[in-house]
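Report on the following structure.
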Amino acid sequence: MNKIVFIIIAVLLQGCATSYQKTGFSGGYSETQLDENVFKVSFRGNGYTGRERVADFTLLRSSELTLKNGYKYFAVIDANSYTSNSIYTTPTTSYTTGNVYSNGNQAYGSATTNTYGGQTYNISKPSSSNTIVLFKEKPSNVFVYNAKFIYKNIRQKHGIKDEKK
């Protein structure tokens, strides 16, 4: 039973992870063109996004830019990944309930106070950036990624429908 609950929670949380999108409130990709065939590509995730997903989406955006600009291959010449950490503590609320009984001149009572909240959560938001160089032909002396291969496989891995269809 506990295993089923855990699986359901994991699936729901995965749905909250940053989707593949332009940078918005919950994260996403952005790029800056540095030269005719050089780009800096970044992807920022939210607190539900894993590092692997962020790295994959940075490569996916790199492959899209490569294909969009008429190139076939790209090389990562500089890569950075980092995580920003923050702490959030929920507010506390207290409720007090009481009972009073009387018997002649005497009164008896009891009270109970319950406090809720005050949990502290650590939130980690992973980010990744790559500086890439695009190539029309595969160079022999540099490790390069095949843009079509990366584009197809990462979209398939994360269940992203092809936008061209």
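Throughout, read-outs are computed from the coordinates displayed, never taken from laboratory work. All figures in this text were calculated on a predicted structure; none of them were measured in a lab. As a convention, Cβ positions derive from the backbone with ideal geometry for all residues, glycine included, and neighbour counts pool all protein chains shown.
What to note about this one:
- Considering only A79, G159, G117, and ranking their Cα positions along the charge dipole of the chain that arises from unit charges at the beta-carbon of Lys, Arg, Asp and Glu, the one farthest toward the positive end is G159.
- Residue pairs, from the table K22/K152; K68/K157; K125/K152; K22/K125; K72/K152, whose Cα atoms sit over 23 Å apart: K125/K152
- Antiparallel DSSP beta bridges within the chain, percent to nearest 5: 100 percent
- Highest GNM mean-square fluctuation among F74, F39, F143, for the chain modelled with Cα contacts below 10 Å: F143.
- Normalised contact order of segment 25-136, rounded percent, pairs of Cα under 8 Å and 6 or more residues apart: 39 percent
- Answer label for Cα extents along the principal axes in Å (calculated), chosen among (1) 46, 40, 29; (2) 99, 34, 26; (3) 70, 34, 30: (2)
- Given charges at Cβ of Lys, Arg, Asp, Glu: the chain dipole, positive-most of I150, G28, A55: I150
- Taking 15 Å as the straight-line reach from the Cα of K161, the aspartates and glutamates in range (excluding those fewer than 8 positions away in the same chain) are E64.
- The chain: DSSP helices with Cα axial extent of at least 20 Å and average Kyte-Doolittle hydropathy no lower than 1.6: 2-16
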